[in-house]
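Single-structure report; data block below.
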Amino acid sequence: MQSLSIALGERTYPIYIGPGLLSETALFEANLPAGALCIVTNETVAPLYLDTLRKTLAHRRVVECVLPDGEPHKNLTTLARVFDSLIAGRVHRDGAIIALGGGVVGDMAGFAAACYQRGIACAQIPTTLLSQVDSSVGGKTAVNHPQGKNLIGAFHQPCAVFADTKVLQTLPDREMSAGLAEVIKYGLIEDASFFAWLESAMPKLRAREERELVEAISRSCAIKAQIVAEDERETTGRRALLNLGHTFGHAIETAVDYQGWLHGEAVGVGLLLATDLSARLGLIDPSVIARVKSLLESAGLRTVSPRVAPEQLWELMQMDKKVSGGKLPLVLLNQLGDAQLRRDVDQELVLQTLRHYQP
Ligand SMILES: NC(=O)c1ccc[n+]([C@@H]2O[C@H](COP(=O)([O-])OP(=O)(O)OC[C@H]3O[C@@H](n4cnc5c(N)ncnc54)[C@H](O)[C@@H]3O)[C@@H](O)[C@H]2O)c1
């Protein structure tokens, strides 16, 4: 097992990574408050892992809340079910929510914990690769509104994160690849040697070999932990670097109305577009583009945009909630392993990049 901690003063918390953590009673005991616990999970994950977690926490008073699966359920109506379970189960401020699932469950459970009785503890047990390397770490919690994704939310750091790599064995291949897009992102923004390691380790990661999984998740979480510790609430621009590829990705997701493209798949193409744009601006050597494209392909990801007019994608990029003062902030690469936020990128150059990756 690997462990690291995210340094946020009195809100510092540990992240544990390794196979079989779901059964580690002592580890949970050491990191959970003494009161009643509410496990929040969904209809897909519950039949796979809820029973194991029940046994691990057998000596504790536990209530359960099993939600419907899927992003369309990440809303205030579903959230109300979590509050109903907490109230019916008499969970008080000395208790905790335990999120058992992917990013959708984690974001909803985290937001419920931020609000319930003005804030209770939340432990995250992320069960997708994306949630293990990204959404469970950093304290962003939210639900969607019909007008937009993650519009209603709060910063609420978990009390601990338990990333059990064994649960990834049941994750569908597409979801695995989507998570790998975020892993690749960390190499691009912060660590060229990690990117190079991924180039050789990718087949083993896709085969879900434990050693490589633990290494990839640990290095990803270490990078996210460092960046979040430096800029917890995205005020200095440092945390914004984690959005590499995301402005392009969000535009793709919106253009296809979230149909047929997973978030990580859109981010994967976004990483390639951001790399291409960085080369057009003369920031990086064009040879990096081929390396990024090849790594995305070996991760099972797409490298071509959906059939959407570049001008429409450009318009959608302007809608990104991070636009301020009319300027579109874009994360670009200075070199492999080093990113920067720019607000001065010429529209025509972005359109050239968008045109280049049309199907
Ligand atoms: N809070 C943050 O910082 C942050 C960051 C990135 C993404 N997110 C959010 O995360 C969400 C996406 O998360 P996701 O990619 O984990 O999707 P998800 O939670 O929808 O999970 C994907 C699918 O895999 C299933 N699943 C989960 N674990 C499984 C397992 N071990 N075996 C088999 N099936 C399993 C889920 O039930 C679901 O059907 C989005 O709502 C996004 O907004 C949040």
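The values are calculated or read from the model by the stated rules, or taken from the named source; none is laboratory data. Since this is a predicted model, take the numbers as computed values, not measurements. Positions of Cβ are backbone-derived with ideal geometry, glycine not excepted, and every protein chain shown enters the neighbour counts. Areas reflect the complete protein model, heavy atoms only, side chains present, ligands, DNA and RNA absent. Shrake-Rupley method; radii C 1.70, N 1.55, O 1.52, S 1.80 Å.
Annotations for the structure displayed:
- Each Lys and Arg adds +1 at its Cβ and each Asp and Glu adds -1 at its Cβ; summed about the Cα centre, region 173-356 shows a dipole of about 60 debye.
- Taken about its Cα centre, the chain carries a charge dipole of roughly 520 debye when the Cβ of each Lys and Arg holds +1 and the Cβ of each Asp and Glu holds -1.
- Assigned charges on the beta-carbon of Lys, Arg, Asp, Glu; region 2-169 dipole about Cα centre (debye): 320
- Note on Arg54 and Ala80: with the Förster distance fixed at 22 Å, the Cβ-Cβ geometry gives a FRET efficiency of about 0.35.
- With θ taken as phi - 60° and the Karplus curve 6.51 cos²θ - 1.76 cosθ + 1.60 applied, the whole-hertz 3J(HN,Hα) list for region 193-208 is 6, 5, 4, 5, 4, 4, 4, 8, 8, 4, x, 5, 5, 5, 7, 6 Hz, x standing for glycine and proline.
- Site pair Thr12 and Thr235 shows an inter-label distance of 2.1 nm when each label is modelled 7 Å from Cα along Cα→Cβ.
- Helix 103-115 axis versus longest C-alpha principal axis of the chain: approximately 60°, rounded to the nearest ten.
- Where chymotrypsin sites (Phe, Trp or Tyr not before Pro) fall in DSSP loop in region 245-326, at most 16 other Cβ within 10 Å: Tyr258
- Counting DSSP beta bridges with both ends in region 1-86, the antiparallel % (nearest 5): 45
- FRET efficiency for the Thr25 to His92 pair, using the beta carbon distance and R₀ = 30 Å, is estimated at 0.85.
- Region 168-182 and region 43-85: distance between their alpha carbon centers, rounded to Å: 21
- Measuring nothing but protein heavy atoms, the accessible surface of the chain at 1.4 Å probe radius is 50 percent carbon and sulfur.
- Candidates Leu67, Gly106, Ile120 compared by Cα position along the dipole of region 63-122: farthest toward the positive end lies Ile120, with charges placed on Cβ.
- Placed amide H near Leu67: partners under 5 Å, 5+ positions off or other chain: Thr41, Asn42, Glu43
- The angle separating the long axis of helix 76-88 from the principal Cα axis of greatest extent in the chain is about 20 degrees.
- Per-residue HN-Hα couplings for region 132-145 [Karplus 6.51, -1.76, 1.60; θ = phi - 60°; Hz; x = Gly/Pro]: 6, 9, 9, 5, 7, 10, x, x, 7, 10, 5, 10, 8, 10
- The value for region 2-169 of Rg(Cα) / (2.2 N^0.38 Å) is 0.93.
- Close amide-amide hydrogen proximity is noted between Ile97 and Cys38, Ala121, Cys122, Ala123, each under 5 Å apart and 5 or more residues distant or on a separate chain (H modeled in the peptide plane; Pro and chain starts excluded).
- In the elastic network of the chain, a GNM with C-alpha springs shorter than 10 Å, the most mobile of Ile152, Ile98, Ile15 is Ile152.
- The chain - accessible surface per residue (Å², probe 1.4 Å): 40
- Two-decimal log10 I(q)/I(0) for region 173-356, as the Debye equation yields it once each C-alpha is a single scatterer, q = 0.12, 0.16, 0.18 Å⁻¹: -0.52, -0.96, -1.22
- In region 1-71, the trypsin sites (Lys or Arg not before Pro) that fall in loop regions by DSSP, at most 13 other Cβ within 10 Å: Arg61
- Applied to region 177-186, the Karplus parametrisation 6.51 cos²θ - 1.76 cosθ + 1.60 on θ = phi - 60° returns per-residue 3J(HN,Hα) values of 4, 4, x, 5, 4, 5, 4, 4, 3, 4 Hz, with x for Gly and Pro.
- Only protein heavy atoms count here; on that basis, with a 1.4 Å probe, Val62 has an accessible area of about 50 Å².
- Shape of region 159-268, Cα gyration tensor, a/c cut at 1.5: oblate
- Global size of the chain as Cα Rg and Dmax, reported in angstrom: 19.9, 62
- Where trypsin sites (Lys or Arg not before Pro) fall in DSSP loop in region 72-135, at most 16 other Cβ within 10 Å: Arg90, Arg93
- Unit charges at the beta carbon, dipole of the chain: most positive-side option, Ser193, Val45, Met176: Val45
- Where the Cα pairs of region 92-142 fall when distances are cut into 5 Å bins, in %: 5, 26, 34, 20, 11, 4, 0
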